[in-house]
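Chemist: Before anything else, here's the structure in question.
The values are calculated or read from the model by the stated rules, or taken from the named source; none is laboratory data. Small disclaimer: the values here were computed from a predicted structure and weren't measured. As a convention, Cβ positions derive from the backbone with ideal geometry for all residues, glycine included, and neighbour counts pool all protein chains shown.
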Amino acid sequence: MTKRQLSQPLDFLSPVSMIEGFGPRRACALCESGIETVGDLLYHFPRRYLDRSHIIPLRDIGGYLDRTCTVAGMVEKAHVERRRKSRLRVLLSDGTGSMELLWFAGVPIYRNMLAVGTKIMATGKVSAYTHVQMVHPMVERLAEGSGQRVQAFFPLYPTSEQMRDAGISHRLISRAVRWILGTISRFPQILPEPIAKKRNFPPLEECLREIHSPTDPVKIDEYKKRLRYEELFRLALTLRWSRRKFALPGRCLRAGDLPERFRKQLPFPLTGEQEKAIRILYDDAASNRRMHRLLQGDVGSGKTLTAFFACFPALASGLQVAWLAPTEVLALQTCRLIASWLAPLGFKPELLMSGVTAVDRRRINAACADGTARFVVGTHALLQPSVQFKRLGMIVIDEQHKFGAAQRLTMQEKDVASDFLLMSATPIPQTLAKTLYGDLDIVTILKPPAGRNPVETHCVPESKRSDMDQFVLREIRECGAAVYWVVPRIEQDETSETIRDAETTFAALKKGAFAGIPTGCLHGRMTSMEKERIMQSFAAGSIKLLVSTTVVEVGVDVPQATIMIIENAERFGMAQLHQLRGRVGRGSGKSYCFLLTPSAADDETAERLSFFCRHHDGFRIAEMDLTLRGPGEVAGYRQTGWEDLKLADIIRDAELFREIQEELETVLPR
């Protein structure tokens, strides 16, 4: 890759099309892979290195079978065999012995590259067929007398299918990175100088150079320390700015006599945890700063009731409340529940979602705009620009992780002075809550109401399915049990017959052991009216067995439901399994959860599901889920920010991240 005259200085924000050797096709492939700028490529780190620091004499190569090693020598023979598929055989000799190098792909390229008499270095896995050979080794020509410096530790990079199709190899990326580091005009100063000096970090340029082309692999971790710290520092800055962005002036609101009036109609007392959370939320409402808080708690801990109490300051002050739910099933149930709570207080909620008629939509939109709609429950329909509020005092977002950052911001902008409460039914381990939600104030309800019995949970292999069916049938007939039967998908996929679907399962249950049992089916493709009819029938007991997708995962409350059956349980994370299990055990009867798995489940899956069966603490389950799967794969955690971490790990480095957050307070103005 030769030097060329650039029309403008190269910096971290320069497009990848400015890199020498990267034409439109390669630049496009990089962009499709998320590498759009020169800086992106510099932060596209090697996943591992080929150690080429030790050259094995060919006389000894037979002792390195099934190991990756490096040899060097001269090409003595190069022969292309013309069979159904061409192959290239090269005989390499170093004066002590010889071995064969073999290629089945890229034959024309390597044939031109490896002429007889060429000196090369080859790195690959040593194997033996009829003789010792390397198949598809990585080779590098050695120019005689040129003083050529060979990379002793060669970087191997993650490459996407688009990159490979465009001919972007490890070697090309390595050459591009070296060209960038020799050409770039300046490196960004991310860390304040006092922090860099305090921690004795090497310069950023040195860290990048050594990670991409290490001179001593033992020191790579030392260079990674700075980059790991910088990633977390940048994330901490983002969270801090987010917190400041929402630290807007609010309204001083008080709940008046509404809480006491409502308490009198409740058939049970609030728990101490709920009372404590409500006091915190009322302190927020009474301050002149906008509430920006996360309410989290385990399944069945009473978050919905607590969040409802948090709406009283807005209602008592003549303001409006908007309650956003992620699914129509949850919105329908929430609206029915809130309507029963509001009726004795003289209020009536409106329900806005895609299934309402055009006439009702226009009526509700007008009532929101003129302020007569005091409490509105809705789905994503609430986010539409046509939905405007006169004076919005409280916004509640249920299952906040189901909404993207842009959607949450759209809701907040409906009234810049409104209080804002996010709810999460996916528990965040206490040790990580501040880390994962550093831009939010957090209030946690740790314990569920007294009297809740743990749900007896069992893994059921396919061989025991009929035994489970008979047990469930007895529970329905003798105890009046209502049963959830959850499947991963709506319809059958021909490519994977082992994954259960709602339509096939529903049809099979009506004909098999459960023939005669009132059975319903619920999934996301149904209309709002169909979903409401099915859920009301299940809640009323006219449907005893409900086949459903995960639309029942959160918020659905049917106290007489005592059995949860989950097909293909191995396909769900433990946090999601915990949410599904939380749909039962909400009444006084004994409840059960059965996890159906294929007979060939691997050891890791078996261990994970066994852990889930033994534990009922959502925080402990979430912590294990995070450990096993990572925050990027676990439903219920932040959707933005973590994907930017290349070297840092928000779980492993949680303590360092909290340390950085505290350090920021000392170096940046408030």
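So that you can scan it fast, the table gives a plain yes or no per residue for (1) over 21 Å from K303 (Cα atoms); (2) at pLDDT 80 or above; (3) among the aliphatic types (A, V, I, L, M); (4) outside the structural domain of R336 (by TED's automatic domain parsing):
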residue: T519; (1), (2), (3), (4): yes, yes, no, yes
residue: H523; (1), (2), (3), (4): yes, yes, no, yes
residue: E532; (1), (2), (3), (4): yes, yes, no, yes
residue: M535; (1), (2), (3), (4): yes, yes, yes, yes
residue: S542; (1), (2), (3), (4): yes, yes, no, yes
residue: L545; (1), (2), (3), (4): yes, yes, yes, yes
residue: S548; (1), (2), (3), (4): yes, yes, no, yes
residue: E553; (1), (2), (3), (4): no, no, no, yes
residue: Q560; (1), (2), (3), (4): no, yes, no, yes
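Chemist: Out of (1) more than 13 Å from A176 (Cα to Cα); (2) part of a helix (DSSP H, G or I); (3) among the hydrophobic types (A, V, I, L, M, F, W, C), what's the single condition that is false for L41?
Modeler: (1)
Chemist: For region 625-643, indicate whether the set of residues that are at pLDDT below 60, part of a helix (DSSP H, G or I) and among the acidic types (D, E) is non-empty.
Modeler: There is at least one residue in region 625-643 that is at pLDDT below 60, part of a helix (DSSP H, G or I) and among the acidic types (D, E).
Chemist: If I filter region 20-68 down to residues being over 38 Å from the mean Cα position of the chain (by Cα) and in contact (Cβ under 8 Å) with a residue 40 or more places away in the chain, which single residue comes out as surrounded by the fewest Cβ atoms within 10 Å (Cβ to Cβ)?
Modeler: Among those residues, the one meeting the criterion is L65.
Chemist: Shifting gears a bit: Got at least one residue in region 254-275 being of a type in the set (A, V, I, L, M, F, W, C), in contact with an Asp or Glu (Cβ under 7 Å, 6 or more places away or on another chain) and at negative phi?
Modeler: no
Chemist: Something else: Hey, which of the helices (runs of 4 or more DSSP H) in region 272-327, taking only ones fully inside, have at least 2 residues that are farther than 21 Å from L382 by Cα and among the hydrophobic types (A, V, I, L, M, F, W, C)?
Modeler: Once the helices (runs of 4 or more DSSP H) in region 272-327 are filtered for at least 2 residues that are farther than 21 Å from L382 by Cα and among the hydrophobic types (A, V, I, L, M, F, W, C), what remains is 272-286, 303-310.
Chemist: Does region 358-376 contain any residue that is buried (at least 20 other Cβ atoms within 10 Å of the Cβ), closer than 25 Å to C521 by Cβ, assigned by TED's automatic domain parsing to the domain that holds P313 and of a type outside the set (S, T, Y)?
Modeler: For region 358-376, residues buried (at least 20 other Cβ atoms within 10 Å of the Cβ), closer than 25 Å to C521 by Cβ, assigned by TED's automatic domain parsing to the domain that holds P313 and of a type outside the set (S, T, Y): absent.
Chemist: OK, next. Could you tell me whether T306 is surrounded by 23 or more Cβ atoms within 10 Å (Cβ to Cβ) and either in contact with an Asp or Glu (Cβ under 9 Å, 6 or more places away or on another chain) or assigned by TED's automatic domain parsing to the domain that holds M394 (or both)?
Modeler: So T306 passes the test.
Chemist: Check P192 against each of (1) surrounded by 14 or more Cβ atoms within 10 Å (Cβ to Cβ); (2) within 27 Å of V139 (Cα to Cα) and name the one condition it does not meet.
Modeler: (2)
Chemist: Please give the number of the condition G147 fails out of (1) over 19 Å from H54 (Cα atoms); (2) modelled with pLDDT under 85.
Modeler: Here G147 clears every test but (1).
Chemist: Regarding E230, is this residue modelled with pLDDT of 90 or more and surrounded by fewer than 18 Cβ atoms within 10 Å (Cβ to Cβ)?
Modeler: When the stated conditions are applied, E230 does not pass them.
Chemist: Tell me, which residue of region 342-363 that is of a type in the set (A, V, I, L, M, F, W, C) and within 35 Å of the chain's Cα centre (by Cα) is modelled with the lowest pLDDT?
Modeler: V356
Chemist: Yes or no: E140 without any contact (Cβ under 8 Å) to a residue 40 or more places away in the chain and over 32 Å from the mean Cα position of the chain (by Cα)?
Modeler: yes
Chemist: Looking only at residues that are aromatic (F, W, Y) and modelled with pLDDT of 80 or more in region 607-624, which one is surrounded by the most Cβ atoms within 10 Å (Cβ to Cβ)?
Modeler: F612
Chemist: Just to be sure before I move on: is S242 modelled with pLDDT under 90, farther than 21 Å from V416 by Cβ and polar (S, T, N, Q) in the structure I sent?
Modeler: Spelling it out, it is not the case that S242 is modelled with pLDDT under 90, farther than 21 Å from V416 by Cβ and polar (S, T, N, Q).
Chemist: Of all helices (runs of 4 or more DSSP H) completely enclosed by region 402-516, which ones contain at least 3 residues that are at pLDDT 85 or above, outside the structural domain of D284 (by TED's automatic domain parsing) and closer than 21 Å to L546 by Cα?
Modeler: Output list reads 465-479, 502-511.
Chemist: Filter region 551-573 for residues that are part of a helix (DSSP H, G or I) and either in contact with a Pro (Cβ under 8 Å, 6 or more places away or on another chain) or buried (at least 24 other Cβ atoms within 10 Å of the Cβ) (or both) and give the result.
Modeler: Listed by number, the residues that qualify are V552, A569, E570, R571.
Chemist: Let me ask something else about it. When you check G541 against the structure, is it touching a residue at least 40 places away in the same chain (Cβ under 8 Å) and not charged (D, E, K, R), yes or no?
Modeler: Against the criterion (touching a residue at least 40 places away in the same chain (Cβ under 8 Å) and not charged (D, E, K, R)), G541 qualifies.
Chemist: In the same structural domain as L58 (by TED's automatic domain parsing), touching a Ser or Thr at 6+ places or on another chain (Cβ under 8 Å), modelled with pLDDT of 90 or more and of a type outside the set (D, E, K, R): does that describe L91?
Modeler: Yes; evaluated as a whole, the condition is true for this residue.
Chemist: When the residues of region 580-606 are filtered to those that are at pLDDT 85 or above and in a helix (DSSP H, G or I), which remaining residue is nearest to the chain's Cα centre (by Cα)?
Modeler: Filtering region 580-606 for residues that are at pLDDT 85 or above and in a helix (DSSP H, G or I), the one nearest to the chain's Cα centre (by Cα) comes out as L580.
Chemist: Continuing with the same structure: R391 fails exactly one of the following numbered conditions: (1) in contact with a Leu (Cβ under 7 Å, 6 or more places away or on another chain); (2) over 24 Å from G318 (Cβ atoms). What is the number of that condition?
Modeler: (2)
Chemist: I would also like to ask the following. With the requirement that a residue be touching a residue at least 24 places away in the same chain (Cβ under 8 Å) and assigned to a helix (DSSP H, G or I), what does region 338-353 give you?
Modeler: I338, W341, L342, P344, L345
Chemist: Might you check whether a residue that is touching an Asp or Glu at 6+ places or on another chain (Cβ under 8 Å), outside any strand (DSSP E or B) and under 30 Å from I220 (Cβ atoms) occurs anywhere in region 61-80?
Modeler: The answer is no, given that none of the residues of region 61-80 is touching an Asp or Glu at 6+ places or on another chain (Cβ under 8 Å), outside any strand (DSSP E or B) and under 30 Å from I220 (Cβ atoms).
Chemist: Any residue in region 96-119 that is crowded, with 18+ Cβ neighbours inside 10 Å, under 26 Å from H54 (Cβ atoms) and in contact with an Asp or Glu (Cβ under 8 Å, 6 or more places away or on another chain)?
Modeler: yes
Chemist: For region 309-321, does any single residue satisfy the condition of being modelled with pLDDT of 95 or more, in contact with a Ser or Thr (Cβ under 7 Å, 6 or more places away or on another chain) and over 27 Å from M526 (Cβ atoms)?
Modeler: Scanning region 309-321, I find no residue that is modelled with pLDDT of 95 or more, in contact with a Ser or Thr (Cβ under 7 Å, 6 or more places away or on another chain) and over 27 Å from M526 (Cβ atoms), so the answer is no.
Chemist: When H79 is evaluated against the numbered criteria (1) of a type outside the set (V, I, T); (2) farther than 23 Å from G21 by Cα; (3) touching a residue at least 60 places away in the same chain (Cβ under 8 Å), which criterion, by number, is the only one it fails?
Modeler: Among (1) of a type outside the set (V, I, T); (2) farther than 23 Å from G21 by Cα; (3) touching a residue at least 60 places away in the same chain (Cβ under 8 Å), the lone unmet condition for H79 is (3).
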